[in-house]
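Asker: Quick one: this structure, given as structure tokens, is what I'll be asking you about.
The values are calculated or read from the model by the stated rules, or taken from the named source; none is laboratory data. Model, not experiment: these values are computed from the prediction. Here the Cβ positions follow ideal geometry from the backbone for every residue, glycine too, while neighbour counts run over all protein chains shown.
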Amino acid sequence: MFITNITDQWLFLFAYILSISVLGVLLYASGISLFKPSIPMVFFWSYLILSYAGFPFMVFEFVSSAAWINVTNSSIIILTWFYSAVSLILVAVGIVIAKYILKIDISTKKSINKNMDVSIVAVIILCFISGIALLIYIQNVPSIALFEYLQYGNEADIALSRSNATNALTGAWRYQFFTTHITPFLSYATLAALVMTSRKKYLFVFIIAFILSSFATVMNFTRSAFPIYFSSVLFVYMLSKNTLISFRVITAGLFVVMPFLLYIFAIIAKTDIVSTVRLVVERLLAGTPEAAYFYVIIFPNDLDYLYGLSLPNPGGILPFEHFRLSVFVSQYIWNFATVYGGGVRENVVGSAPAMFWTEMYANFGLSGIIISSLMFGGVLWTIHAYVSRLPTHPIVYALITYIAFYIRPVSTSFLSNIMVPVEPAVVCILAYILYKFSTRNHIAQTS
């Protein structure tokens, strides 16, 4: 049963608005602005839009998908929202605590490197290597979802191709590393250099890196990958121009992103434009909260707390077998889904990630939510504080953007995904080498 009492609905709405107000006060105390590009800003906007804005729609019964996946228990919906609100506020509390403990002054004007150059030769070489890595990836999967659509347009084949190229592919991250980490970083660096120097030579290499990164986001028909990548491009643009988030930039971004989302959803759902618009809005706002709903249902009622079994176990060096939590929950959800007549989709390995607190809750209960949220807030502030003191340079801005959007998925996915940060470590080393090479190359040319 949904909440049918009008008074209860308005009480929820009051509590919901109050939680956002408390968050605003805490962010003000921490010095974090939701309108100035920063690493925490990306996380909070992503959480608010993708993981928090959907709860009022669920409570007021505006989500049509809720019925066929059985998101119908109002008590569980409210409890899921409560955990989400607690986690969001505690992240902000963790930021405030870290700020006053560490006492890192980020208001001091950063040093400005007079050389804003980025080595075009190095970027082109890295783009070439990334292109080869992309071809190797394509050769190692049975089929590509984008190619399946262009050739046959069959929904089942598209879903199976996406599964085979992602969740079902052993070591998929190795094939995806260059086009999901290196080429986006290169696109950020060259765009920042283009904005900060106004030199047209960076436009060509930016286009190459942008095309490689964009193709990697659409090849598997992942609904949100391209919009998120495009958002990161807008972020580095605003960061390089040292400007606040503007309505003009957001509007321009929506004109690019929304048609893509509508087209992808129209293909997958095979619906008219009105139904597709509603589906996009529902999935955008309520998709993650609906997934979180099932974590609250499953643990500990249907399955006992995992006590760390879903956390990373690289190379199997720890004495436990890794539990694929997201895949398990996806199978659980599809057991309720009437769209496929119940049961798991044949041969498709799905996933149902939700906000980072869901994994901590599945492992340790409420204490996991509290502790992980406070710790994550502290780590988020520490990273923000230290990168804010780096010198002004396109590569530095590219690194800030990369880190911001590497952490961003925590707002809609598991914390364990970033607990073993191999990829960002490689990107940081690459950024350091590229920075040194670019500045040294500039000195050699001017001496």
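Asker: Taking the range 402-416 as the region of interest, how many residues are more than 27 Å from residue 192 (Cα to Cα), part of a helix (DSSP H, G or I) and hydroxyl-bearing (Ser, Thr, Tyr)?
Answerer: Number satisfying all stated conditions: 1.
Asker: While we're looking at this one, here's another question. Here is a list: 420, 427. Which entry is modelled with pLDDT under 95 and under 23 Å from residue 225 (Cβ atoms)?
Answerer: So the residue among 420, 427 that is modelled with pLDDT under 95 and under 23 Å from residue 225 (Cβ atoms) is 420.
Asker: Can you find even one residue in the range 143-155 that is among the aromatic types (Phe, Trp, Tyr), modelled with pLDDT under 75 and part of a helix (DSSP H, G or I)? Talk me through it step by step, then tell me what you get.
Answerer: Filtering the range 143-155 for residues among the aromatic types (Phe, Trp, Tyr) gives 147, 149, 152.
If we keep only those that are modelled with pLDDT under 75 too, we end up with 147, 149, 152.
Filter once more, so that each one left must be part of a helix (DSSP H, G or I): 147, 149.
Yes.
Asker: Return the pairs, sorted by first residue and then second, in which the second residue is assigned to a helix (DSSP H, G or I) and polar (S, T, N, Q), the first residue lies in the range 215-231 and is free of Cβ contacts under 8 Å to residues at least 24 places away in the same chain, the beta carbons are less than 6 Å apart, and the residues are 6+ apart or on different chains.
Answerer: Pairs that qualify, where the first residue is free of Cβ contacts under 8 Å to residues at least 24 places away in the same chain and the partner is assigned to a helix (DSSP H, G or I) and polar (S, T, N, Q), are 225/217.
Asker: Which members of the range 23-36 meet the condition of being modelled with pLDDT of 95 or more and either surrounded by 15 or more Cβ atoms within 10 Å (Cβ to Cβ) or outside any helix (DSSP H, G or I) (or both)?
Answerer: Those that are modelled with pLDDT of 95 or more and either surrounded by 15 or more Cβ atoms within 10 Å (Cβ to Cβ) or outside any helix (DSSP H, G or I) (or both): 23, 26, 27.
Asker: Among the residues that make up the range 225-237, is at least one of them within 23 Å of the chain's Cα centre (by Cα), among the aliphatic types (A, V, I, L, M) and modelled with pLDDT under 85?
Answerer: Yes, the conditions are met somewhere in the range 225-237.
Asker: A further question on this structure: Could you grab me the full set of residues in the range 39-55 that are surrounded by fewer than 22 Cβ atoms within 10 Å (Cβ to Cβ) and in contact with a helix residue (DSSP H, G or I) (Cβ under 6 Å, 6 or more places away or on another chain)?
Answerer: Correct list: 53 only.
Asker: So, one more: Mind checking whether some residue in the range 233-248 is outside any helix (DSSP H, G or I), in contact with a Ser or Thr (Cβ under 7 Å, 6 or more places away or on another chain) and not β-branched (Val, Ile, Thr)? Even if it seems obvious, please write down each step before you answer.
Answerer: Filtering the range 233-248 down to residues outside any helix (DSSP H, G or I) leaves 241-246.
Imposing the further condition that a residue be in contact with a Ser or Thr (Cβ under 7 Å, 6 or more places away or on another chain) reduces the set to none.
For the range 233-248, residues outside any helix (DSSP H, G or I), in contact with a Ser or Thr (Cβ under 7 Å, 6 or more places away or on another chain) and not β-branched (Val, Ile, Thr): absent.
Asker: Determine the pairs where a residue that is within 16 Å of residue 404 (Cα to Cα), located within the range 237-252, has a partner that is at pLDDT below 75 with Cβ atoms under 7 Å apart, the partner being 6 or more residues away or on another chain.
Answerer: Going by the 7 Å Cβ cut-off, the qualifying pairs are 238/249.
Asker: Restricting attention to the range 37-76, report how many residues are of a type in the set (S, T, N, Q), outside any helix (DSSP H, G or I) and either within 20 Å of residue 10 (Cα to Cα) or touching a Cys at 6+ places or on another chain (Cβ under 8 Å) (or both). Lay out the reasoning, then the answer.
Answerer: In the first step, residues of the range 37-76 are kept if they are of a type in the set (S, T, N, Q); the result is 38, 46, 51, 64-65, 70, 72-75.
Subset that is outside any helix (DSSP H, G or I): 38, 70, 72-73.
Pick out the ones that are also either within 20 Å of residue 10 (Cα to Cα) or touching a Cys at 6+ places or on another chain (Cβ under 8 Å) (or both) and you get 72-73.
Residues meeting the conditions: 2.
Asker: Now for a different question. Can you name the number of the only condition in (1) surrounded by fewer than 21 Cβ atoms within 10 Å (Cβ to Cβ); (2) closer than 23 Å to residue 289 by Cα; (3) touching a residue at least 60 places away in the same chain (Cβ under 8 Å) that residue 376 fails?
Answerer: Tallying (1) surrounded by fewer than 21 Cβ atoms within 10 Å (Cβ to Cβ); (2) closer than 23 Å to residue 289 by Cα; (3) touching a residue at least 60 places away in the same chain (Cβ under 8 Å), residue 376 fails exactly one: (1).
Asker: Let me ask something else about it. Quick one: residue 435 ticks every box in (1) aromatic (Phe, Trp, Tyr); (2) surrounded by 15 or more Cβ atoms within 10 Å (Cβ to Cβ); (3) in contact (Cβ under 8 Å) with a residue 60 or more places away in the chain except a single one, so which number is it?
Answerer: Of (1) aromatic (Phe, Trp, Tyr); (2) surrounded by 15 or more Cβ atoms within 10 Å (Cβ to Cβ); (3) in contact (Cβ under 8 Å) with a residue 60 or more places away in the chain, only one is false for residue 435: (3).
Asker: Right, another one. Can you name the helices (runs of 4 or more DSSP H) wholly within the range 312-401 that have at least 3 residues being at pLDDT 95 or above? Walk me through it before giving the result.
Answerer: Working: elements: 325-334, 356-364, 366-387.
Of the helices (runs of 4 or more DSSP H) lying wholly inside the range 312-401, those with at least 3 residues that are at pLDDT 95 or above span 356-364, 366-387.
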